[in-house]
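Bear in mind these aren't lab numbers, they're just calculated from the coordinates by the rules spelled out. Given the structure is predicted, the values throughout are model-derived calculations rather than measurements. Positions of Cβ are backbone-derived with ideal geometry, glycine not excepted, and every protein chain shown enters the neighbour counts.
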Amino acid sequence: MLTTVFFVILTGLAMVAYPGGSKFDRSAVHYDIFKNFFSDLGTTITYSGRQNTLSNFLFITALGSTGLVMIYFSTIWRAIDIDSHEHKLLGLLSKMFLIISGGSFICIAFTPLNKFSDMHLIFFKLAFGFLLAWTVIIIYLQFSNHKMRGLVTVNLIFALLLAGYEGLLIFTSGFGSEEGIEFQAVSQKIIVYLFIINLFIQAFGIKRFLRSADFRRKGLKNFYV
């Protein structure tokens, strides 16, 4: 929960620190939410040719820490309190998917777009593709526990929006072109921050559930293994 708050703060500061320049406007002197992509914050040198040291550092810190938290958070399926063999297999699958997604976010942080554009884009697609797969599985598992039905609604809304964004990436021709740059840049930021908001809500909701269920008295000492 704290990491999601710091993510918003750090990326906001990175936008302020960004010295300017976008793919289609190299003369800009500041970050433009309508023309700069989120990944521009992590470049070592901007499109305008300026050093981007501070913004790059903040971007790496924000994305890297979020990726690590996602890997730690991957065991959260155990909190749903399910007993069937099928559900446990799905839980383990969800753990693997979130680890891959979190690892990909870390890789995004350390592969700046201006130096490793192909790898950066591959990790970007892996991060959100496996995040969507994790969300779908968690929705199914949470629905099996009536005490978590409230979290299902939030997850479902996020999954639909994320699926729509994934479809945009896959089926829209000319993604990244000058004609659609404003819509693409804004939609990317929306989905990134919706992901952070959803992660906060899921963590907060599951924390409340664990407190009310008092898992420690049930002997689940190895919950975070």
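Looking only at GluC sites (Glu not before Pro) in DSSP loops with at most 11 other Cβ atoms within 10 Å, what is the longest site-free stretch of the chain?
1-177
Add -39500 (n - 2.57) for each DSSP H run of 4 or more in the chain, then divide by its residues: what number comes out at 222 nm, to the nearest 500 deg cm²/dmol?
Rounded to the nearest 500, the figure is -22500 deg cm²/dmol.
What FRET efficiency would be calculated for the residue pair Leu121, Met1, taking the C-beta separation as r and a Förster radius of 22 Å, to the nearest 0.05?
Step by step, r from the Cβ atoms, then E = 0.15.
For His146 and Asn114, FRET efficiency with R0 = 41 Å and r from the beta-carbon atoms, rounded to 0.05?
0.25
So what's the chain giving for Cα Rg divided by 2.2 N^0.38 Å, two decimals?
So the chain has a normalised radius of gyration of 1.09.
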